[in-house]
1. Mind ordering A:127-140, B:272-285 by average Cβ neighbours within 10 Å, highest first?
2. Tell me which of A:Ala189, A:Ala212, A:Leu138 sits at the most positive position along the dipole axis of the stretch A:78-236, charges placed on C-beta atoms (Lys, Arg +1; Asp, Glu -1).
3. Taking B:Lys105 as the anchor, which aspartates and glutamates have their alpha carbon closer than 18 Å to its alpha carbon, excluding any fewer than eight residues away along the same chain?
4. Out of residues 5 or more away from A:Ser27 or on other chains, whose amide H comes under 5 Å of its own, with H placed 1.01 Å from N in the peptide plane?
5. Mind listing the phi-derived Karplus ³J(HN,Hα) values for the stretch B:107-120, rounded to whole Hz, using 6.51, -1.76 and 1.60 with θ = phi - 60°, and x for any glycine or proline?
6. Provide the percentage of antiparallel DSSP beta bridges, counting only those with both residues in the protein assembly as shown; round to the nearest 5.
7. How are the C-alpha pair distances of the stretch A:1-100 spread across 10 Å bins, as whole percents from the shortest bin up?
8. Enter the angle in degrees (range 0 to 90, nearest 10) between the Cα long axis of helix B:256-288 and the first principal axis of the Cα atoms of chain B, meaning the one along which they spread out most.
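Rule-based calculations on the coordinates, nothing more; no lab input. Computed from a predicted model, the values in this text were never measured in an experiment. Cβ placement follows ideal geometry from the backbone for every residue including glycine, while neighbour counts extend to all protein chains displayed.
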Amino acid sequence: MQEKIIEIEKLSFYYEESRVLNQISASFSRNSIAAVIGASGSGKSTLLTTINRLCDEVAGTRVTGRVKIMLDRQKIDIYQPGISLPWLRRKVGMVFQIPNPLPMSIYKNLTLPLKMAGIKNRGLQHDRVERVLKDTFLWAEVKDRLREDARTLSGGQQQRLCIARALILEPEVLLLDEPTSSLDECAVAEIENLLLSLKESCTLLMVSHDLAQVERVADTVVEIADGALVGSKDKV
Amino acid sequence: MTRFYNFMLYLFSGLCGLLLVGSAFTLVGFLLWQGASIMGLKLIFGTLDMSEIIDVIFWQRIVIDGLWPAMVGTFFLVFMALSTALPLGLGAGIYLAEYAGGRTKTFFSIVFDLLAGVPSIVIGLFGFSLTLYLHRYFPGLRPCLLISGLALALLILPYLVRTTQTALEELPDSLRLTAAALGAEKSAVIISVLLPQALPGIFSGIVLAIGRAAEDTAVIMLTGVVASAGIPRSLFDNYEALPFYIYYTASQFSDQYELQQGFGAALVLLVICILLFTGAGLIRKKATLRLLYQHRHP
């Protein structure tokens, strides 16, 4: 039985007066890939944003319930007062549905999170950049074009860059919101292989519409309908 | 019918564009026609020879004749106004775009719009009144470069605030969300992500502000410019400036040569503005490259 790294207890999420998530309880094991499935508008992406509290960035939102995550070897209720959101989001990385490299060079996309986390040593920055680009199988493709605008990369490369950017701060949890939905088959295969290799180092929670993909990569599947949990199963 | 409207709109907008470009070319052409023949070192430095001119440029010699003191005065004015207004304008623009909300934002926006609509002569009058008021406590203080620079800063401040605010507000929210998801503090999002992306818009405001500060006559007439003050030695001296020189020459000329000097001064002002715009553009390009694309290998 693997250790549970994320425990969600009776989580409800409100946008102004409407309830988007309704009393969700679920838990996810360390070093696994958990897939969240459900129809469009069922609240899958919202569930992800409650786990790094990115939902706080939207005005008019409110959360009840608890989300406990094992971070720095301590189980922390991320909704308790005094939690530093930048710290939380460095520990719980996120990759969005549409690749969203920042409009700057490939290298700066990767060093920006490091600078913002206070890691200013250029040697250390460069080592981390090289490592995450190798981890995401991008190094060979971009090592000679690190000064180029990240938006000149192909869709698959951009998404791998975004994953690399999320990984550069060595998060303990990585949230992925339909990371392959805007990519072609070849790029999807690249990303899936990457995800399988990543679960050695962190826990992945992925929203997906593609049931075949879920079958290929996920260890746990959680189904949401109309904001409520309707099923959860471990594949093994 | 729709095709007819499409064509008419195309025709109307094209003609408007053409008219404006034509007006700009006519204006510059007229200035060149009237002023080009007088352009030369004599217009700028009077009757000085080359070695004396070099001394003047390197502050070793005082010059009264020619446009040089007015050129230096104009440069000082633009520099003072911009260096005072830029941090304030950037700060207020950031506040309005990224922090203020609801009634505060509406109130601030109304105030800045009002300030933008204040005629420059009123700002000049305010500067003059301020000098009179301060004169009670600092008897040595009179209309001078410092007062003019501060009054011009007040004049250009709304441009800088509004262009900074607009440049930031036009950036997609996805940038803010992406940066937040990377663990950025709000201040880091603004400094490291939003401001570098907003640079083109902010620099448009700076260019507008430079133009406004360089050309305004009403403000400086009431706050310290005089016809033949020479180069100011301190912020508390009177000074000369090109727009005032042009105004003074055009209204007081006694012969055709003096009027031509006015046109020459207008051409020089135009060239100075173009140089300042180009400089601002180069700084923007360099800053964008440095902030967003270049890095040093360890």
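1. Numbers: A:127-140: 17.9, B:272-285: 14.4.
Highest to lowest by the protection proxy: A:127-140, B:272-285.
2. Looking along the dipole axis, the top candidate is A:Leu138.
3. Filter leaves B:Asp113, B:Glu169, B:Glu170.
4. The list, which skips near neighbours in sequence, is A:Ile8.
5. For the stretch B:107-120, the Karplus curve yields 4, 4, 4, 4, 4, 5, 5, 4, 4, 5, x, 6, x, 5 Hz.
6. Just about 60 percent of them are antiparallel.
7. 14, 49, 33, 4
8. With both axes taken from Cα atoms, the answer is about 30 degrees.
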